[in-house]
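Since the structure comes first, as structure tokens, the remarks are kept for the end.
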Ligand code: NAP
């Protein structure tokens, strides 16, 4: 007889779905600091639609989006879903995972029960006529980030995803390492490869902000794998060696400069002149780090308000600043004179489509990109690791949480069963 619930790490027979599961839930009454917003609860396992898959979660990656979900700002993800007609008054976050397919919907052909997978976080309406006609699903109305905009993410024993989100788990990685890289990696891959003539090419000088962070550590390795010339920016000398080991040709410490923030008005000659001096000195530091006097053809942006003026100024003639976030603020100020005369591109980018997620996963499978796993947490510590991230005290690279895998280093179902029983 099917059990009501399995304890964490107690592996159900392949394909058996109990009635309930343990999950780390956020409820509106707990919105606030992540350390108390997340609480372990028992909850019914959801039904799946014909194009969906239920995955038994071995490990889950940690991303900043669920710090926002816990706080309930800038959007209340639970209220937004309730308004759209979804009844659950809770949020199960988690936008990265590794695990095993336990159940597939009637229309699913791409995966089967027993497949060991990693999950990418892009969801869309697969029946949308625009998607069926071949439009990039990232540009369609139904696009959502699983485990943030959608419910039933990876901070639970089982997660509900669409079939196309599942990709083969790299066999050489542990469950926890396999769960750490996809969200940041696929985002960085789209930024560097999607944008037509600005797709990264061999020998391209590339400037990468936050080189020791989640996105930056992936971007350095992708650039290296494509034969480009990455130069990283960091906020402390302790991160220099880390970026060099990943493949950065040179590393700049941004703390040696002080011209950050929005551009002064161009009519304020004194302030503008001071800013320009700082921006030129930073450009010179780039040439020194690169080892030749060439400006970056691609600038990998995400800090936003603090750094965009410099990025836009130092980008090469005909080059591109590509941006996926505004961590320091949303006012992007650009001196348009340099922008049009030097014919630069300022390109927004957001997560990735199936081809890009696969392109990135293949680099990991080929061992050209390391997941940069820095710290592994227990399932009960889900709130604590998000709290650390909220306080910006998290270590370099990416963190993950053991969910049904109870020990580090396990790589497949057989090994896990033998160790955990
Ligand atoms: P992370 O691991 O915290 O790294 C961000 C890096 O930004 C830090 O390592 C820090 O490096 C750097 N930074 C902080 N303040 C800065 C400043 N004032 N000037 C320049 N650099 C600064 O975060 P992440 O995972 O890489 O994510 C970065 C941002 O991208 C977040 O806002 C996240 O929500 C967003 N994101 C968006 C997408 C998308 O699909 N749109 C996907 C993933 C992430 P140093 O202090 O060493 O310089």
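The values are calculated or read from the model by the stated rules, or taken from the named source; none is laboratory data. The shown structure was predicted, so the numbers you read here are calculated from the model rather than taken from an experiment. So basically every Cβ, Gly included, is an ideal-geometry build from the backbone, and we count neighbours across all protein chains shown.
Inside the range 81-114, can you point out the residues that are free of Cβ contacts under 8 Å to residues at least 60 places away in the same chain and under 18 Å from residue 31 (Cβ atoms)?
Within the range 81-114, 82, 83 meet the criteria.
Is there a residue in the range 97-108 that is assigned to a loop (DSSP other than H, G, I, E, B) and either within 16 Å of the ligand (Cβ to nearest atom) or closer than 24 Å to residue 180 by Cα (or both)?
No - not one qualifying residue is present in the range 97-108.
Restricting to the range 91-147, name every residue that is closer than 30 Å to residue 37 by Cβ, loosely packed, with under 14 Cβ neighbours inside 10 Å and touching a strand residue (DSSP E or B) at 6+ places or on another chain (Cβ under 9 Å).
Selection gives 142 alone.
Given the criterion closer than 26 Å to residue 248 by Cα and not assigned by TED's automatic domain parsing to the domain that holds residue 211, identify the matching residue among 281, 312, 357.
357
Does the range 300-327 hold any residues that are within 22 Å of residue 290 (Cα to Cα) and under 16 Å from the mean Cα position of the chain (by Cα), and which are they?
Once the filter is applied, which keeps residues that are within 22 Å of residue 290 (Cα to Cα) and under 16 Å from the mean Cα position of the chain (by Cα), the range 300-327 yields 300, 301, 302, 303, 322, 323.
Restricting to the range 7-38, what's the tally of residues that are part of a loop (DSSP other than H, G, I, E, B) and within 22 Å of the chain's Cα centre (by Cα)?
Qualifying residue count for the region: 1.
Which count do you get for residues in the range 285-307 that are more than 10 Å from the ligand (Cβ to nearest atom) and on the phi > 0 side of the Ramachandran plot?
Total meeting the criteria: 1.
Check whether at least one residue in the range 40-61 is over 23 Å from residue 415 (Cβ atoms) and either within 21 Å of the chain's Cα centre (by Cα) or in a helix (DSSP H, G or I) (or both), and report yes or no.
no
Which condition number in (1) touching a residue at least 60 places away in the same chain (Cβ under 8 Å); (2) over 28 Å from residue 43 (Cα atoms) is the one that residue 130 fails?
Result: residue 130 passes all but (1).
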